[in-house]
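In what follows, a single structure is set out as structure tokens and then discussed.
The values are calculated or read from the model by the stated rules, or taken from the named source; none is laboratory data. On a predicted model such as this, the values are computed, not experimentally measured, just so you know. Every residue, glycine as well, gets a Cβ built from its backbone with ideal geometry; the counts of neighbours run over all protein chains shown.
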Amino acid sequence: MTRIYVGTSSWSQHTNFYPEGLPSNQQITYYARHFPIVEINSTFYRMMPQRNFRLWAERTPEDFVFDVKPYRQLTWHDRENPPDDEVTETFRESLQPLRDAGKLGAVHFQFPPWFKFQPENVNYIKKVRETFAEDRVGVEFRHRSWLEGDHVRPLLQFLSDNRISLTVVDEPLLGSGSVPTVLAVTNPDLVIVSFHGRNYRKWYAKVKTTAERFDYLHSEEELGDRVTARAKTAARFLAKAAREENGERKYSDPLNQIQDQLGARIVTFYVSDLERIHKLILDYSATIEERSVVPDSVNEFGHEGRHYVLFIPADLFTPDIPKGDSPEFFELQVKTLFQHAWAEADHDLAYIPASDLTKEQRRRVAFTAAQAWGADHMFNELARELPDDLAATSKPSVVSRKVHSPPASWSAVVVGIPVAWQTGLRCLPPYENG
């Protein structure tokens with residue numbers, strides 16, 4: 001029979017949960033009267049002696065279990081001190097009292113945003129599995145590269161072959177420091193689901209405690225039906241937010257319930273324009289995140305480009321709109337015309353269909369990617385060969401000074417950009433984009 005355990009991350013941080021005056025060494029006993037499982041966070045910050053685990057086991061019921069976060073050095077959070085065998089073995093041995101009591105649920109490796117998908121990191125996960133061979137092991141990723149791209153299926157198979165549980169997460173889908181929800185069971189003995197909440201405003205914010213980042217109450221709609229559709233332009237977001245079911249609003253809190261709330265894509269003509277526009281964006285906007293996207297696979301040409309998460313400039317807000325009723329940031333992509341066109345076609349042909357493409361069809365998609373890449377760079381080379389006076393009419397001017405509005409010389413196709421920005425742009429009419 002499948003058993004579902006529901007608990008919290010840490011027990012000592014939830015001070016309002018306990019009766020006033022309850023000694024801290026009795027909190028785990030009180031907690032265990034209400035929940036059958038807990039994730040130990042304190043082990044992440046310091047190495048615990050076996051005595052602590054023995055006491056926790058003694059103070060909880062026979063069927064209570066602990067998921068344990070490894071010491072931070074083991075998950076690459078300590079950039080100056082990578083994992084070593086001695087520290088790993090010390091941590092592994094410290095868990096023995098929980099093993100002896102039958103109360104070790106899992107060793108939960110939560111990796112940081114800078115732990116990206118690459119062969120050496122996959123090999124490290126395999127080494128972890130071998131080191132903790134007698135334990136259940138779970139992995140949670142915080143960089144989007146792990147769960148997007150052609151390698152996802154082989155990765156899930158790798159986890160399955162090694163009996164490693166992929167942690168399914170519900171969190172703000174914002175930037176590279178978050179991952180999409182992948183509903184995959186890679187270990188039939190254990191599935192871990194982490195509800196981190198959708199506190200967009202605090203996900204990248206500098207907070208005093210992690211409790212602020214995860215301060216979020218899921219609504220009934222979110223618990224019953226996860227929102228995965230992405231609203232891009234303001235018009236599409238408003239239309240989605242206004243949806244009704246059985247005569248009632250579907251989303252009681254649209255800003256938090258609809259993922260990827262506002263987005264924009266700037267489409268320019270030449271590869272060399274990407275760097276020019278990048279400088280203009282940094283002049284005008286405060287960035288939460290910015291990165292150049294270079295896909296691992298040759299057949300993902302259209303996923304190239306610049307990606308940003310930007311605070312919406314304060315001068316776009318009017319005094320009559322309460323700040324809490326408006327999103328504070330939006331996603332921005334900057335692509336060449338060929339990248340944009342290929343990405344849209346690939347989305348319709350290769351992403352939306354319910355069935356997988358055949359090998360022959362995948363080859364054809366890869367071929368079109370190569371053609372688009374070649375055309376992109378060929379046109380860029382031709383543009384550079386043009387006389388300066390002719391080339392200047394089609395290229396945006398680089399502005400070295402700070403600006404309060406986008407320069408009128410910025411020539412691009414703007415997809416879904418906030419209306420207030422469009423007044424300062426010389427561009428083709430904006431249009432809807434998937």
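The condition of being under 17 Å from P180 (Cα atoms) and modelled with pLDDT of 60 or more holds for only one of E248, E222, E212, that being E222. Selection of the stretch 79-124 for residues being within 20 Å of V68 (Cβ to Cβ) and of a type in the set (A, V, I, L, M) yields V87, L95, L98, A101, L104, A106, V107.
If you go through the stretch 12-60 and keep only what is within 29 Å of the chain's Cα centre (by Cα), of a type in the set (D, E, K, R) and surrounded by 13 or more Cβ atoms within 10 Å (Cβ to Cβ), you end up with just E39. Against the numbered list (1) closer than 17 Å to Q110 by Cα; (2) surrounded by fewer than 19 Cβ atoms within 10 Å (Cβ to Cβ), E140 comes up short only at (2). Exactly one residue out of T60, T88 is polar (S, T, N, Q) and touching a strand residue (DSSP E or B) at 6+ places or on another chain (Cβ under 9 Å), and it is T60. The residues of the stretch 105-125 that are in contact with a Pro (Cβ under 9 Å, 6 or more places away or on another chain) and either at positive phi or not β-branched (V, I, T) (or both), listed by number, are H108, F109, Q110, Y124. Only one of the listed residues (L155, L190, L166) is at pLDDT 75 or above and either farther than 16 Å from D67 by Cβ or in contact with a Cys (Cβ under 8 Å, 6 or more places away or on another chain) (or both). That residue is L155. Of A354, A372, A350, A341, all but one fail to be aliphatic (A, V, I, L, M), in a helix (DSSP H, G or I) and modelled with pLDDT under 80; the exception is A350. Within the stretch 105-125, can one find any residue that is under 24 Å from I37 (Cβ atoms) and among the charged types (D, E, K, R)? Within the stretch 105-125 (the criterion being under 24 Å from I37 (Cβ atoms) and among the charged types (D, E, K, R)), the answer is no, since none of the residues qualifies.
Exactly one residue out of Q118, Q110 is among the polar types (S, T, N, Q), loosely packed, with under 15 Cβ neighbours inside 10 Å and assigned by TED's automatic domain parsing to the domain that holds V38: that is Q118.
Filtering the stretch 282-303 to residues that are under 19 Å from Q339 (Cα atoms) and at pLDDT 70 or above leaves E290, R291, S292. Number of residues in the stretch 125-146 that are small (G, A, S) and more than 21 Å from V68 (Cα to Cα) equals 1.
Looking across S178, S165, S160, one residue alone is hydroxyl-bearing (S, T, Y) and part of a loop (DSSP other than H, G, I, E, B). It is S178.
Of the strands (runs of 3 or more DSSP E) lying entirely inside the stretch 20-129, those containing at least 1 residues that are acidic (D, E) and under 21 Å from I192 (Cα atoms) are 37-40, 65-68. For the stretch 184-212, the candidate set comprises residues that are within 27 Å of R129 (Cβ to Cβ) and of a type in the set (A, V, I, L, M, F, W, C); within that set, the residue that is surrounded by the most Cβ atoms within 10 Å (Cβ to Cβ) is I192.
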